[in-house]
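Below you'll find the structure, written out as structure tokens, and then a few comments.
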Amino acid sequence: MNTIKPKRGRRNPARRQRALLARAASTPIKPFTFIQPGMQVVLRLRVSTAGQKSHLDDHETYLRAQVTTVGGKVVAVDKRIGSGVDLSSLRSSVALAKHHDAVLLAVTPNRFVRQPGFGARTCQHVQADEDTLAGLMHIADGVTLVTHLEPRASAKEENRHLSQIGQAAKGGSGGRPRKSKPGSKKRERLEAEPKVRWMRLAGMGNRQIARVLGKPESTVRRWGAPFSPIAEGHQHN
């Protein structure tokens, strides 16, 4: 029987599946379904910088709603600003969970821990390896760690989940701000049309006008359409 080999440069699907299964077996973090009615929960909330501080409230609101939905009870919240590579900040969250005999819940795995070497620009898709997770569980000291997102989620899925929470908190208006205010293109066209007309009357073609205005020739052609010879002829009739 012939074996179909994957094309060079593409990952073998079977190999990727084995890697996911191996990661699933070595992930000590529990899924959200672990939380049962009446279970006490401490929220672990973390952002990397002070500029992201508002996200802490968004994550708290979101997790409180999710816990209530399954019948759990939020008994304490620990909010932190700092790198996920530094596990020392987790000690206070663990202490709270122990005090209340509760599980410790975070939105995504990377709110608990980041792989050493993680960089927002250089290594955005680095996931915590087994040694890092082992260190995480050592700090947890018997406290059960739970994430709302699937513990085996990829870095891309984690980032998407965090973005969706932020957008939901803003009524779906999250995301990158607009580069220009509404109506800016219309104002630009209205300001440019007289210039295009006078340059046309001076005998300049669309290509020359586009070079002067620093705009694509197709844009200049569209702006100058009302002042074409045919249109001018109709205006005089």
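The values are calculated or read from the model by the stated rules, or taken from the named source; none is laboratory data. This one's a predicted model, so the numbers in the text were calculated from it and none came from an experiment. Glycine gets a Cβ as well: all are built from the backbone with ideal geometry, and neighbour counts include every protein chain shown. Ligands, DNA and RNA are stripped out before the accessible areas are found, and what is left, the full protein with its side chains, is counted by its heavy atoms. Shrake-Rupley method; radii C 1.70, N 1.55, O 1.52, S 1.80 Å.
Which ³J(HN,Hα) values in Hz, rounded to whole numbers, follow from the phi angles of region 71-84 under the Karplus curve 6.51 cos²θ - 1.76 cosθ + 1.60, where θ = phi - 60° and Gly and Pro get x?
x, x, 9, 7, 10, 6, 9, 10, 9, 9, 10, x, 5, x
Show the residues, 5+ positions off or on another chain, whose built amide H is closer than 5 Å to the amide H of G72.
It is G38, by chain and number.
Per residue of region 203-210, in order, report the coupling 6.51 cos²θ - 1.76 cosθ + 1.60 (Karplus, θ = phi - 60°) as ³J(HN,Hα) in whole Hz, putting x for Gly and Pro.
x, 7, x, 4, 5, 5, 4, 4
Among all the aspartates and glutamates, which ones have a C-alpha under 19 Å from K53's C-alpha, if same-chain residues fewer than 8 places away are not counted?
Candidates past the 8-residue exclusion: D78, D86, E158.
How far apart, in nanometres, would the label points at V85 and S54 be if each is projected 7 angstrom from Cα along the Cα-to-Cβ direction?
A separation of 2.8 nm, rounded to one decimal place.
Provide the solvent-accessible area of R152, counting protein heavy atoms only and rolling a 1.4 Å probe, rounded to the nearest 10 Å².
Looks like 110 Å² after rounding.
Would you mind checking which residues have amide H under 5 Å from T147's amide H? H placed 1.01 Å from N; only 5 or more apart, or other chain.
Residues meeting the amide H criterion: K30, F32, A106.
Find how much the distance from E157 to S218 grows on full extension, using 0.36 nm per residue of separation minus their present alpha carbon separation; answer in nm with one decimal. Can you show the working numbers first?
Details: separation 61, 0.36 × 61 = 21.96 nm, distance 4.00 nm.
Full-extension gain reported as 18.0 nm.
For R46, enumerate residues with amide H under 5 Å from its amide H, sequence gap 5+ or separate chain, H modeled in the peptide plane.
The answer is R80.
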